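The values are calculated or read from the model by the stated rules, or taken from the named source; none is laboratory data. Since we're looking at a predicted model, the values are computed, not measured. Note that each Cβ is placed from the backbone with ideal geometry, even for glycine, and that neighbours are counted across all protein chains shown.
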Amino acid sequence: MEKMEKFVIQGGKPLNGVVEIGGYKNAAGACLAAVLLSEEPVTLHNLPLVEDVFGMIKVLESMGATIEWLDKRTLRVHAGEDVDPAEMDFDLVSKTRVSVVFIGPLLARFKKFKISHPGGDRIGLRPITTHIEALQSLGAKVEQEGDFYFFDGSSMAGRQVVLKEFSVTATEVLLMASVLLPGRTVLKGAAGEAQVQDLGKMLVSMGAKIQGLGTHTIVIDGVKKLRGTAHGIVADPLETGTFLVAGALVPGPIEIKKANTTHLDLFFDKLREIGVKFTVTDPETIVVEYSADLKPARVQALPYPGFPTDLLPIIVPLLTQAAGKSLIHDPLYENRFTYLLELRKMGADIEVVDPHRAFVYGKTSLKGKSIESWDIRAGASLILAGLAAQGQTSIDNAYQIDRGYERIEEKLQKLGAEIQRV
């Protein structure tokens, strides 16, 4: 049930202190699905306690996996011989977009199963045709009837697959589907994002043979079986980026600990170009200061190692404070700009050119307003705008933000923000 909670922010307050980044939600989803590839127990550390992760855990439980919390962020999952995909809670699957990643390990281990259409963000067309066509080229049979997909992987074998787009979830599904296949799978046009690398690292620790992680060609040599493992989820690059922008928008400084600095090279470059004052003091620590003298920029979302599409909404509040005209371009999703209309209510001067591009004119002063969040990153963008705005901002639909950020208001409160969950 989507709780009708909202965030209320009194803007213009300085932020000061230390914030710790959690595990990456987008990596945790695939790693939770990967536990199905072994009948031995798997331990996952550094899990983010967010709605999408709880949804994945419930889907695993519904199939018969044994779940044991060892501490607040550590989970042991045993997907033994009692696991049955026919018992899957399809209602939960259709609410959680990330549940599409279950298709890979279910094909590898069970061959035949059905799954309901995955749910998730409202940011435009996100069909799973790329996933299905790629699996078919490995020999999978897929039928769609109503809200269900029926899969049969009994004649799959390692082959070359060319993905039509750099899709993260399709790459994850293909990785998991092919680790137990006979022969060699060559995946071209693969995504290289942090979460794909993290999943690959976990699969290798389970005994998979994978080369080329982080590049656009991944080679998988099938093995007979995978063992259990212990794996720590990578730090969240998107939460890292969010707090980095927060520290630049209002007087500070703030120190970001347990940060992900490995997967954000182009994001960091773009922030430096805009004039954000920050220092990466070690591989897990960033210090960021209020940056008053910001310059406009052209920012285009591109596949890894390019500028992450999920950080495009995060950077827009910053661009409203840059003197001049900025361009943002998201070639990936056509419905992602709803948050720009909310920012305009707050006084941002933004011209939406087409479904993929917008001009941001600055410098404008933002005013607190009642606005609504339509997806995870849009919600974070609006929180950042609220922190920088004069007066009170109220953001409806806190549930959407909770799907990707663990108690973001508590982390901001520790830094001195006046933000409440109502």
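Tabulated results
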quantity: Strands (runs of 3 or more DSSP E) lying entirely in segment 269-339 (those with 1 or more residues that are within 25 Å of Pro355 (Cβ to Cβ) and touching a residue at least 24 places away in the same chain (Cβ under 8 Å)); calculated: 298-300, 324-329
quantity: Flag if Ala190 is out of contact with any helix residue (DSSP H, G or I) (no Cβ under 7 Å at 6 or more places or on another chain) and in a loop (DSSP other than H, G, I, E, B); calculated: no
quantity: Yes/no for Asp349 being within 18 Å of the chain's Cα centre (by Cα) and either closer than 26 Å to Pro237 by Cβ or in contact (Cβ under 8 Å) with a residue 24 or more places away in the chain (or both); calculated: no
quantity: Criterion: in contact with a Pro (Cβ under 7 Å, 6 or more places away or on another chain) and more than 15 Å from Thr338 (Cα to Cα) - qualifying residue of Glu410, Glu406; calculated: Glu406
quantity: Those residues of segment 234-285 which are closer than 23 Å to Tyr304 by Cβ and basic (Lys, Arg), in sequence order; calculated: Lys258, Lys270, Arg272
quantity: Residues of segment 67-94 that turn out to be more than 20 Å from Ala108 (Cβ to Cβ), surrounded by fewer than 17 Cβ atoms within 10 Å (Cβ to Cβ) and at pLDDT 95 or above, as a count; calculated: 8
quantity: Subset tally (residues that are out of contact with any Gly (no Cβ under 7 Å at 6 or more places or on another chain), in contact (Cβ under 8 Å) with a residue 60 or more places away in the chain and within 23 Å of Gly404 (Cβ to Cβ)) for segment 361-376; calculated: 2
quantity: Residues that are surrounded by fewer than 24 Cβ atoms within 10 Å (Cβ to Cβ) and free of Cβ contacts under 8 Å to residues at least 40 places away in the same chain, drawn from segment 173-195; calculated: Gly183, Arg184, Val186, Lys188, Gly189
quantity: Leu15 out of contact with any Pro (no Cβ under 9 Å at 6 or more places or on another chain) and aliphatic (A, V, I, L, M); calculated: no
quantity: Residue among Arg344, Arg357 that alone is in contact with a His (Cβ under 7 Å, 6 or more places away or on another chain) and modelled with pLDDT of 95 or more; calculated: Arg357
quantity: Residue in segment 7-25 that is surrounded by 15 or more Cβ atoms within 10 Å (Cβ to Cβ), over 30 Å from Gln392 (Cβ atoms) and in contact (Cβ under 8 Å) with a residue 12 or more places away in the chain present; calculated: yes
quantity: Boolean, Ala248 is in a helix (DSSP H, G or I), farther than 20 Å from Cys31 by Cβ and small (Gly, Ala, Ser); calculated: yes
quantity: Residue count, segment 236-278 (criterion: of a type outside the set (Val, Ile, Thr), touching a strand residue (DSSP E or B) at 6+ places or on another chain (Cβ under 7 Å) and within 19 Å of Lys201 (Cβ to Cβ)); calculated: 4
quantity: Count - residues of segment 137-172 that are in contact with a strand residue (DSSP E or B) (Cβ under 6 Å, 6 or more places away or on another chain) and surrounded by fewer than 18 Cβ atoms within 10 Å (Cβ to Cβ); calculated: 10
quantity: Matching option when the condition is aliphatic (A, V, I, L, M) and in the same structural domain as Met176 (by TED's automatic domain parsing), among Leu44, Leu15; calculated: Leu44
quantity: Filter pass, Ile328 being under 16 Å from Asp236 (Cα atoms), at pLDDT 95 or above and either β-branched (Val, Ile, Thr) or over 21 Å from the mean Cα position of the chain (by Cα) (or both); calculated: no
quantity: Test set (1) of a type in the set (A, V, I, L, M, F, W, C); (2) at pLDDT 95 or above; (3) touching a helix residue (DSSP H, G or I) at 6+ places or on another chain (Cβ under 8 Å) - Val204 fails condition number; calculated: (3)
